[in-house]
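See below for the structure under consideration.
The values are calculated or read from the model by the stated rules, or taken from the named source; none is laboratory data. Quantities reported herein were computed from a predicted structural model and do not represent experimental measurements. Note that each Cβ is placed from the backbone with ideal geometry, even for glycine, and that neighbours are counted across all protein chains shown. Note: accessible area is taken over every heavy atom of the protein model, side chains too, but ligands, DNA and RNA are not part of it. Shrake-Rupley method; radii C 1.70, N 1.55, O 1.52, S 1.80 Å.
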Amino acid sequence: MTTETDNWYSAETATLGDRIAAGRDKAGMSQSQLSKRLGVTLSTLKAWENDVSEPRANRLSMLAGLLNVSVMWLLTGEGEGVG
């Protein structure tokens, strides 16, 4: 059985924060795990996922590598991503 929370991601309406969260979910990482691997605080990662702030270029590149998606997909939703 699926609920609305199971299908929260929509490629048509996704923001950068949504794509970061979707990539993290698909990679099977918690926010805490990803923040540690990126070398940022948990509050920084949460701010990115909530579209309060955006990662700098070097962190964006690291995010793409860790999440196995393209930088272009993170930024625009086009290219290799989770859906």
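Looking at the range 26-35, which of the residues that are more than 14 Å from Leu74 (Cα to Cα) and part of a helix (DSSP H, G or I) is most open to solvent (accessible area, probe 1.4 Å)? Selected residue: Gln33.
This table checks each residue for (1) modelled with pLDDT of 95 or more; (2) not polar (S, T, N, Q).
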| position | (1), (2) |
| --- | --- |
| Thr13 | no, no |
| Ile20 | yes, yes |
| Ser30 | yes, no |
| Lys36 | yes, yes |
| Thr44 | yes, no |
| Pro55 | yes, yes |
| Met62 | yes, yes |
| Gly65 | yes, yes |
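Residues in the range 9-25 that are of a type outside the set (A, V, I, L, M) and open to solvent by less than 20 Å² (accessible area, probe 1.4 Å): Gly17, Arg19, Gly23. Anything in the range 36-52 that is surrounded by 15 or more Cβ atoms within 10 Å (Cβ to Cβ) and closer than 16 Å to Thr15 by Cα? List them, or say none. Across the range 36-52, the qualifying residues are Leu45, Lys46, Ala47, Trp48, Glu49. Going by the structure shown, is Asp6 modelled with pLDDT under 95 and not small (Gly, Ala, Ser)? Answer is yes for this residue. Restricting attention to the range 43-57, the residues that are of a type outside the set (Asp, Glu) and either in contact with a Ser or Thr (Cβ under 8 Å, 6 or more places away or on another chain) or within 11 Å of Val71 (Cβ to Cβ) (or both) total 6. Return the residues of the range 55-83 that are in a loop (DSSP other than H, G, I, E, B), open to solvent by 20 Å² or more (accessible area, probe 1.4 Å) and under 19 Å from Ala11 (Cα atoms); say none if nothing qualifies. Once the filter is applied, which keeps residues that are in a loop (DSSP other than H, G, I, E, B), open to solvent by 20 Å² or more (accessible area, probe 1.4 Å) and under 19 Å from Ala11 (Cα atoms), the range 55-83 yields Asn68, Ser70, Gly77, Glu78, Gly79, Glu80, Gly81, Val82, Gly83. For the range 36-67, the set of residues classified as closer than 18 Å to Gly79 by Cβ, among the hydrophobic types (A, V, I, L, M, F, W, C) and without any contact (Cβ under 8 Å) to a residue 40 or more places away in the chain consists of Ala57, Leu60, Met62, Ala64, Leu66, listed by residue number.
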